[in-house]
Amino acid sequence: MNRQEIKEWIQVILVALILVVIIRSFILDNRIVPSVSMVPSIQPGDRLFVERITHRFKGIERGEVIVFEPPEQSQLEDDLIKRVIALPGDEVEIKDGKLYINDNPQDEPYLAEEMSYTFEKTIVPEEKIFVLGDNRNRSFDSHAWGFVDFESVKGKALVTYWPLDRIKLW
């Protein structure tokens with residue numbers, strides 16, 4: 001290999017590294033799910049790509065799966081993965097094993113089981129969201145520690161890419 005070829009390889013590698021840093025910092029993130037809180041939708045050990053852009057421009061919609069920094073009152077440090085249940089101004093209530101949003105019972109086919117707890121009727125404050133895991137009875141989430149700041153959202157689940165037999169677009 002001559003000097004010109006070595007120089008070209010170094011340039012290609014540097015450009016590739018710069019692109020990886022830009023993509024990982026601003027566009028796409030990789031996560032490994034550590035807990036059972038999102039079973040059956042997401043299993044422990046599943047690997048996800050999380051896109052970090054659209055929630056800043058299009059907002060967040062009810063039902064989306066997001067990654068966020070836990071609120072202080074949770075006393076957790078690691079980012080969490082949960083489903084968005086209610087948005088600012090929504091009224092949330094859990095009674096008789098059922099979720100109600102604005103007094104309407106919600107159809108949630110993704111749940112592991114019926115909820116064994118209650119949550120008093122509460123209005124989601126501005127700039128906040130209410131999140132729950134799909135494995136409601138085994139998820140440490142908004143029913144236990146309250147609301148999530150919109151600004152703490154890091155991104156939306158885009159695709160489960162591993163294991164291969166569980167590939168899923170969100």
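The values are calculated or read from the model by the stated rules, or taken from the named source; none is laboratory data. Everything quoted here is computed from the prediction, not taken from an experiment. Cβ sites come from the backbone with ideal geometry, for glycine too, and all protein chains shown count toward neighbours.
Within the stretch 32-72, the set of residues being closer than 15 Å to R138 by Cα and either basic (K, R) or surrounded by fewer than 16 Cβ atoms within 10 Å (Cβ to Cβ) (or both) comprises P34, P40, Q43, P44. Counting only residues that are part of a loop (DSSP other than H, G, I, E, B) and in contact with a helix residue (DSSP H, G or I) (Cβ under 8 Å, 6 or more places away or on another chain), the stretch 153-170 holds 0 of them.
Among the conditions (1) touching a strand residue (DSSP E or B) at 6+ places or on another chain (Cβ under 7 Å); (2) more than 19 Å from Q75 (Cβ to Cβ), the only one that P109 does not satisfy is (1). The residue that is nearest to M38 (Cα to Cα), among those in the stretch 115-126 that are surrounded by 11 or more Cβ atoms within 10 Å (Cβ to Cβ) and in contact with a helix residue (DSSP H, G or I) (Cβ under 8 Å, 6 or more places away or on another chain), is M115.
Residue-by-condition table, conditions (1) part of a strand (DSSP E or B); (2) closer than 17 Å to V148 by Cα; (3) touching a Pro at 6+ places or on another chain (Cβ under 6 Å); (4) at pLDDT 95 or above:
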| position | (1), (2), (3), (4) |
| --- | --- |
| V92 | yes, yes, no, yes |
| P109 | no, no, no, no |
| T122 | yes, yes, no, yes |
| P125 | no, yes, no, yes |
